[in-house]
Amino acid sequence: MSLIVKKVQQDIREKILEATARAMADGTLPTVPTGDFIIEVPADRKNGDFSSNAAMAWARDFHKAPRMIADAIVSHMDLAGTYLERCEMAGAGFLNFYLADTYYAAILRDIRNKGADYGRSDYGKGQRINVEFISANPTGPMHMGNARGGALGDCLAAVMDAAGYEVSREFYVNDAGNQIEKFALSLDIRYRQHFGEEIEMPEDSYHGEDIKEHAEAFAALYGDKYLHEDEAVRRKALVDYALPKNIDLMRENVAKYRIVYDKWFFESELHKGEVAEVIQLMRDKGLTYEKDGALWYKATEHGGEKDEVLIRANGNPTYFAADIAYHRNKLQVRGFDKAIDIWGADHHGHVARMKGALEAIGIDGGKLDVILMQLVRLMSGGEVVRMSKRTGKAITLTDLLNDIPIDAVRFLFNMREPGSQMEFDLDLAVEQSAQNPVYYCQYAHARICSIFRKLEADGITPRDCTEAELMRLNAPEERELIRHLASLTDEIITAAKNYDPAKITRYTIDLASLFHKFYNACRVSVEDEALMQARLFLCACVRDTIKNILTMLKISVPETM
């Protein structure tokens, strides 16, 4: 939370304890030890800006009714030197505190003084966090799950950075193992089919048009040169040709999506030694056994539902073995304090297995947090859309980024918490109206910019305001807007703690809504110069806060619309 809000809560706690001590000293309350109590923001502001249950929490300590205790505390309360105006008893014995005008002025000054840093905090204390997201299989085009995961991961990393963590964004490229063998097989068959061989594609191979296109492009480049080569040589040549192209397309897409990774980590690097190291470590710890020619991990002894193969009978390590080595690399070799992975919900069974395997090799499984993300349904005209009108094929991330504004894609994919099912409305995403949430937020910023341009054209220049001038912003709409501005830092911290950047997009929508409500209720250009300047000061705070948030989320911040 902001330092001002934090000070208010600290003052409330101190003033309650001081008033209680005074009541004990004069005999109004007995002198007894007291326990802890809660300070919270009431759901209804009629019940104060902050409320405490101290009197109810101490009923047993004092052997008195909560209302009697609360009355004694209120009668001994001294709020001098705080941002609090008064304290009242209510209901069963709640202590309700009301903020003074000076509080609202102080919040606005804090926003302007912090500028682009408003909302940031040191909550994370510089802990090193690795956020791994998208990490799409490089054997085919990226899909809608990758689109949602990209927006979620990048915005989560941004929120955690603002909350004071040292964040590293990572893309894990699965360029080894079974899927690459299947990729090679699929390319090989398409290449041979191109030259007339009658050979069927196995059911579990890759049947996408992209495989056919790669094989035909390879044939156009090399002709039948590889047709009579050894199968292993031919397949390696095909993979060496096609895989870099797929990875280049992934890099191109994420760059267009405004995602900048700190590291692209290739699985193949692990097979140069780290996979063998972790398997040997597991052998040495007695975590393995041999069966049917394969090496197995005793997963059932470490939280797994069944034992897992580490090395197949053919001598090749499994994906699970590489995954253990990868997380060991992140948490032990590179020393991150926390690894956050964003996976599809279909991987939920893998979470306990991975945490258990880390514990088994001596790494705290609590250092790995997995966010399970639900699938996305694309909608248009109220119906589910599966095929691209332009290509006639399944819609890919490339299609989405070509057809929908990036601002809308990033914002709308962060409208819901990761674990919720999501419908992405293609029609809404391109609509330029208040119905489109990102447009609505951008418009609020642009509207404020237009207010300043118009007043400048009339010869009016915004200036700094005194505390007394800012204290005149006491209309309900002004106070509600300032209270919302004051909550940004706490909202960012909560979003970081809960791994839910959707809280910030919702915060921004609410901020835009409260600004429009204020603008419609309180004229900015009024004859009272001091009040006009105070309202301009408030407008500037809203403008700068919207800009801070949208910039953090890598969404453009237009000044005209």
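Condition check ((1) in a strand (DSSP E or B); (2) buried (at least 16 other Cβ atoms within 10 Å of the Cβ)) across all residues:
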site: Ile371; (1), (2): yes, yes
site: Asp399; (1), (2): no, yes
site: Ala434; (1), (2): no, no
site: Tyr440; (1), (2): no, yes
site: Tyr443; (1), (2): no, yes
site: Ile448; (1), (2): no, yes
site: Leu455; (1), (2): no, yes
Checklist entry - When you go through (1) in a strand (DSSP E or B); (2) buried (at least 19 other Cβ atoms within 10 Å of the Cβ) one by one for Glu423, which number turns out not to apply? => result (2)
Next on the checklist: So Lys503 ticks every box in (1) outside any helix (DSSP H, G or I); (2) out of contact with any Phe, Trp or Tyr (no Cβ under 9 Å at 6 or more places or on another chain) but one. Which box is left unticked?
Outcome noted: (1)
Next on the checklist: Being assigned to a loop (DSSP other than H, G, I, E, B) and open to solvent by less than 10 Å² (accessible area, probe 1.4 Å) is the requirement here; does Gly124 meet it?
Outcome noted: yes
Next on the checklist: Anything in segment 27-52 that is over 22 Å from Ile4 (Cα atoms) and touching a residue at least 12 places away in the same chain (Cβ under 8 Å)? List them, or say none.
Outcome noted: Thr28, Leu29, Pro30, Val32, Pro33, Thr34, Gly35, Asp36
Item to check | Where a residue in segment 69-86 is under 16 Å from Leu29 (Cβ atoms) and its partner, wherever it lies, is of a type in the set (Gly, Ala, Ser), with Cβ under 6 Å and at least six apart | outcome: Ile69/Ala55; Ala70/Ala55; Ala70/Gly93; Ala72/Ala23; Ile73/Ala19; His76/Ala19; His76/Ala23; Met77/Ala19
Item to check | Any hit, segment 525-540, residues being touching a residue at least 12 places away in the same chain (Cβ under 8 Å) and open to solvent by 40 Å² or more (accessible area, probe 1.4 Å) | outcome: yes
Next on the checklist: in contact with a strand residue (DSSP E or B) (Cβ under 8 Å, 6 or more places away or on another chain), in a helix (DSSP H, G or I), modelled with pLDDT of 90 or more and more than 30 Å from Glu529 (Cβ to Cβ): is that true of Asp407 in this structure?
Outcome noted: no
Checklist outcome for this item: Contact list, first residue from segment 385-404 and over 19 Å from Gly149 (Cα atoms), second anywhere and assigned to a loop (DSSP other than H, G, I, E, B) and modelled with pLDDT under 85, beta-carbon distance below 9 Å, six or more apart or interchain, is Met387/Lys393
Next on the checklist: Among the residues that make up segment 199-217, is at least one of them in a helix (DSSP H, G or I), among the basic types (Lys, Arg) and either at pLDDT 95 or above or in contact with a Ser or Thr (Cβ under 8 Å, 6 or more places away or on another chain) (or both)?
Outcome noted: yes
Item to check | Tally, over segment 312-334, of residues that are in contact with a His (Cβ under 8 Å, 6 or more places away or on another chain) and either among the basic types (Lys, Arg) or open to solvent by 10 Å² or more (accessible area, probe 1.4 Å) (or both) | outcome: 1
Checklist entry - Which of the residues belonging to segment 90-117 are surrounded by fewer than 20 Cβ atoms within 10 Å (Cβ to Cβ) and part of a loop (DSSP other than H, G, I, E, B)? => result Gly91, Ala92, Ala100
Next on the checklist: I'm told Ile199 meets every condition in (1) open to solvent by less than 40 Å² (accessible area, probe 1.4 Å); (2) in contact with a helix residue (DSSP H, G or I) (Cβ under 8 Å, 6 or more places away or on another chain); (3) hydrophobic (A, V, I, L, M, F, W, C) except one. Can you identify the failing condition by its number?
Outcome noted: (1)
Checklist entry - Can you spot a residue in segment 172-183 that is open to solvent by less than 30 Å² (accessible area, probe 1.4 Å), under 17 Å from Asn253 (Cα atoms), touching a strand residue (DSSP E or B) at 6+ places or on another chain (Cβ under 6 Å) and in contact (Cβ under 8 Å) with a residue 24 or more places away in the chain? => result yes
Item to check | Test: Asp464 is assigned to a helix (DSSP H, G or I) and open to solvent by 30 Å² or more (accessible area, probe 1.4 Å) | outcome: no
Next on the checklist: Please count how many residues of segment 251-305 are acidic (Asp, Glu) and outside any helix (DSSP H, G or I).
Outcome noted: 4
Checklist entry - Going through segment 18-46 one residue at a time, which ones are hydrophobic (A, V, I, L, M, F, W, C), closer than 30 Å to Ala106 by Cα, open to solvent by 80 Å² or more (accessible area, probe 1.4 Å) and at pLDDT 95 or above? => result Ile38
Checklist entry - Can you tell me which residues in segment 50-89 are under 29 Å from His484 (Cα atoms), of a type outside the set (A, V, I, L, M), out of contact with any Pro (no Cβ under 8 Å at 6 or more places or on another chain) and open to solvent by less than 70 Å² (accessible area, probe 1.4 Å)? => result Ser52, Asn53, Thr82, Tyr83, Cys87
Checklist entry - For Thr300, which of the numbered conditions (1) surrounded by fewer than 17 Cβ atoms within 10 Å (Cβ to Cβ); (2) over 28 Å from Arg148 (Cα atoms); (3) touching a residue at least 60 places away in the same chain (Cβ under 8 Å); (4) not acidic (Asp, Glu) fails to hold? => result (3)
Next on the checklist: Only one of Tyr222, Tyr226 is open to solvent by 70 Å² or more (accessible area, probe 1.4 Å), under 14 Å from Arg192 (Cα atoms) and out of contact with any Asp or Glu (no Cβ under 8 Å at 6 or more places or on another chain). Can you tell me which?
Outcome noted: Tyr222
Item to check | Residues within segment 471-496 that are under 21 Å from Asn520 (Cβ atoms), touching a Phe, Trp or Tyr at 6+ places or on another chain (Cβ under 7 Å), assigned to a helix (DSSP H, G or I) and not β-branched (Val, Ile, Thr), tallied | outcome: 4
Checklist entry - If the Cβ limit is 7 Å and pairs must be 6+ apart or interchain, which residue in segment 231-245 that is free of Cβ contacts under 8 Å to residues at least 24 places away in the same chain pairs with which residue that is outside any helix (DSSP H, G or I)? => result Ala237/Tyr226
Next on the checklist: If I go through segment 335-354 residue by residue, how many of them are among the charged types (D, E, K, R) and either open to solvent by less than 40 Å² (accessible area, probe 1.4 Å) or over 18 Å from Phe133 (Cα atoms) (or both)?
Outcome noted: 2
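The values are calculated or read from the model by the stated rules, or taken from the named source; none is laboratory data. All values derive from a computational prediction rather than experimental measurement. Note that we place each Cβ from the backbone using ideal geometry, even for glycine, and neighbour counts take in every protein chain shown. The protein model used for the area step is the full one, side chains on, heavy atoms only, and it has no ligands, DNA or RNA in it. Shrake-Rupley method; radii C 1.70, N 1.55, O 1.52, S 1.80 Å.
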